[in-house]
Amino acid sequence: MRFKSLLFLFAAVLALTSCVSTKKISYLQEYEEEVDSIIQVQRLRKPYRIQVGDLLSIRVKALDQDIVGMFNPIGSENPNATTEEAVYFDGFTVDDHGNIRVPTMGEINVLGFTEKEVREKIEKKLLEEYFKEEANIFVTVKLAGIRYTTLGEIGQGSQVIYKDQVTIMEAIANAGGITDYGDRENVQIIRQYPQGEEIHTINVTNIDALKSPYYYIQPNDMIVVNPLPRKAIGFGTTGLEVFRTVASLLAVVTSVIAISRL
């Protein structure tokens, strides 16, 4: 009888300690007593500087659209194509030397420049070599979507969002969210820099994530969500799952003891 009581107590303690707390799986929690508050978010996002492998979308417009047709890669039969396939084939990929090849204009170095700086660079070149001020040319330069990769306890694969800026929360939601086994307190962001890759972490369960310099992702980021230790133990995430697992283990242990006493 005493042995069964000890087993029951062990099962209860294990069930309480093994299941995942809601604080571990809830996003952007406020830990102060006040429920309603105004969050002052400082915009820490700096202008993105173009890197090797980025894909750019460039369009040139003018009063006479025919004279700028040679500069626009997307055909007139589908001028507003926005599918990933169209962007891939009609966009401009930054090569290993930091250059893009633009029809007629040749190679233009864009490595380390912002979108605005590239636009101004192209406008200047067009006005110096091809057009006069009266042509009223209008150039747009944009990243062809923000591409990133997700691995671990999250929807895995390559993702793309066609926006100028994307938060870590949008990136996670777009990938299908983090599983109950995912470590939301230490989400890793592997980011590319000219000098190489660096690993940053962000706690997406804390409201202070809104103030993190890594709250906005960048093109080619890799988001890695490692599993919680509880997954390795394999008891489950909810109290019911843990209870069922522990009950099954206890039944096996009890049966073994009963057979050994025969």
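Just so you know, all these numbers are worked out from the coordinates, no wet-lab data involved. Since the structure is predicted, the reported quantities are computational estimates derived from the model, not experimental observations. Heads up, the Cβs are rebuilt from the backbone with ideal geometry, glycines too, and the neighbour counts pull from every protein chain shown.
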Quick check on my link table: of Lys125/Lys163; Lys121/Lys142; Lys61/Lys116; Lys61/Lys132, which ones sit more than 25 Å apart, alpha carbon to alpha carbon? Lys125/Lys163
Using the Cα gyration tensor of the range 99-212, with a ≥ b ≥ c the square roots of its eigenvalues, what is the shape: rounded (a/c below 1.5), prolate (a/b larger than b/c) or oblate (neither)? prolate
Starting from the amide H of Val52, placed 1.01 Å from N in the peptide plane, find each other amide H under 5 Å away whose residue is 5 or more places distant or on another chain. none
Give me the one-decimal nm value for the distance between modelled label points at Lys142 and Lys125, 7 Å along each residue's Cα-to-Cβ direction. 2.1 nm
Expected sort for Ser158, Ser57, Ser212 with the fewest Cβ neighbours (10 Å cutoff) up front is Ser158, Ser212, Ser57
Relative contact order [Cα under 8 Å, 6+ residues apart], the range 144-213, whole percent: 22 percent
Within 10 Å of each residue's Cβ, count the other Cβ atoms and sort Thr140, Thr205 from fewest upward. Thr140, Thr205
How long are the semi-axes of the ellipsoid equivalent to the range 134-200, from square roots of 5 times the Cα gyration tensor eigenvalues, in whole Å, largest first? 31, 16, 9
Area projected by the alpha carbon convex hull of the range 55-142, averaged over all directions, nm²: 5.7 nm²
Among Val102, Phe71, Leu127, pick out the residue whose Cα is farthest towards the positive end of the charge dipole of the range 55-142, where Lys and Arg carry +1 and Asp and Glu carry -1 on C-beta, about the Cα centre. Leu127
